[in-house]
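Structure first, commentary second.
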Amino acid sequence: MSTYLLVHGAWHSGQAWERVVPLLASAGHRVLAPSLTGHGDKAHLLSREVGLDTHVDDIVRLIMEEDLTEVVLVGHSYAGLVISSAANQVPDRIAHLVYLDAMVPEDGESAADVMSTAQVLIDRAAKSETGWRVPPLPEMPPPVGLFGVTDPADVAWLRTMLSDQSVRCLQQPVRLDNPAVVTIPRTHIECVVGRPEGFVRRPVPAIQPNGTPSQVWELATGHDCMVTMPVELTELLLKLG
């Protein structure tokens, strides 16, 4: 049995994994899909002080409180930053890092460094009424849709879980200064349909930080593949457990 810890991206909640969790669990694995501070059942905790460090603490605290080991740590989108810093703190508890259509940072980088469009969101937040709230991206015509989701029923369901993000999440830097984090195997899963204009994915290097060839898989769907292709995504994740 493996332990899968699924970390949602910006604006989403742990509910985003609702179609994947039972599939992994039915294969005999333990699965956790928490909502980060400010989202889902923790939406009431959103404030200007919530940032990347808050979300990293969420994940590290969960790992320690549940005494999780040999964790397959999956980060979607923005959560690529979260899982990177979390693994830096508890590398001995992480068996595999999975970057699911995610930002892949270097030490000291913020979301704005990894993806330039994040700076646009930061600038908009600074000019907004609150000065710190970043609302979810708007729905666009297919194939982009709402985070890559285009089916009307799925879009309606997705809207129920979306909420604002604090700008600090996009500003705080990742810490990757623990030499042990380099040894953790990585897998990259890229969604190759309907990427919004301006959202440029950083190429995956041919060699992982641990010196082994990089493993990159593709899903022919939009960004929120846990909504649109839960079965296919689960099949890929099960290869790592």
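The values are calculated or read from the model by the stated rules, or taken from the named source; none is laboratory data. The model shown is predicted, which means the values in this text are computed figures rather than measured ones. When we count neighbours, we look across all protein chains shown, and the Cβ atoms used for this are built from the backbone with ideal geometry, even at glycine. Accessible surface areas use protein heavy atoms only, side chains included; no ligands, DNA or RNA. Shrake-Rupley method; radii C 1.70, N 1.55, O 1.52, S 1.80 Å.
Report the extension gain between ARG61 and GLU49 in nm, rounded to one decimal, defined as 0.36 nm multiplied by the number of residues separating them, less their alpha carbon distance.
Working: separation 12, 0.36 × 12 = 4.32 nm, distance 1.82 nm.
Fully extending the segment from ARG61 to GLU49 adds 2.5 nm.
Taking +1 at the Cβ of each Lys and Arg and -1 at the Cβ of each Asp and Glu, which of TRP17, HIS223, ASN178 sits farthest along the dipole of the chain towards its positive end, judged by Cα position relative to the Cα centre?
HIS223
Find out how many positive minus negative residues lie around ILE122, taking Lys and Arg as positive, Asp and Glu as negative, among other residues whose Cβ is under 15 Å from that of ILE122.
+1
In square angstrom, what is the accessible area per residue of the chain with a 1.4 angstrom probe? If you can, show how the numbers build up before the last one.
Numbers: 10450 Å² over 241 residues.
Heavy-atom accessible area per residue stands at 43 Å².
In what sequence, largest accessible area first, do GLU65, GLU139 appear using a 1.4 Å probe?
Numbers: GLU65 135, GLU139 90 Å².
Solvent-accessible surface, decreasing: GLU65, GLU139.
Mind running the shape call on the range 6-162? Use the C-alpha gyration tensor, a ≥ b ≥ c as the square roots of the eigenvalues: rounded below 1.5 for a/c, prolate if a/b tops b/c, oblate otherwise. The partial results should precede the final answer.
On the way: a/c = 1.67, a/b = 1.21, b/c = 1.38.
Oblate is the answer for the range 6-162, as a/c is 1.5 or above yet b/c matches or exceeds a/b.
Compute and list, largest first, the equivalent-ellipsoid semi-axes of the range 176-241 from the alpha carbon gyration tensor, each √(5λ) rounded to a whole angstrom.
Working: eigenvalues 117, 54, 20 Å².
Semi-axes (√(5λ), whole Å): 24, 16, 10.
Could I have the simple spin-label model distance between GLU232 and ASP107, label points 7 Å from Cα toward Cβ, reported in nm to one decimal?
Result: 3.8 nm between the two label points.
Rank by packing, highest mean first: peptides 93-102, 218-227, 145-154, with packing defined as the count of other Cβ atoms within 10 Å averaged across residues. Don't skip to the answer; put the middle values down first.
Details: 93-102: 23.8, 218-227: 21.5, 145-154: 18.9.
Answer by packing, highest mean first, reads 93-102, 218-227, 145-154.
What's the carbon and sulfur percent of the chain's accessible surface, probe 1.4 angstrom, rounded to a whole number?
On the way: 5510 of 10450 Å².
Accessible surface attributable to carbon and sulfur in the chain totals 53 percent.
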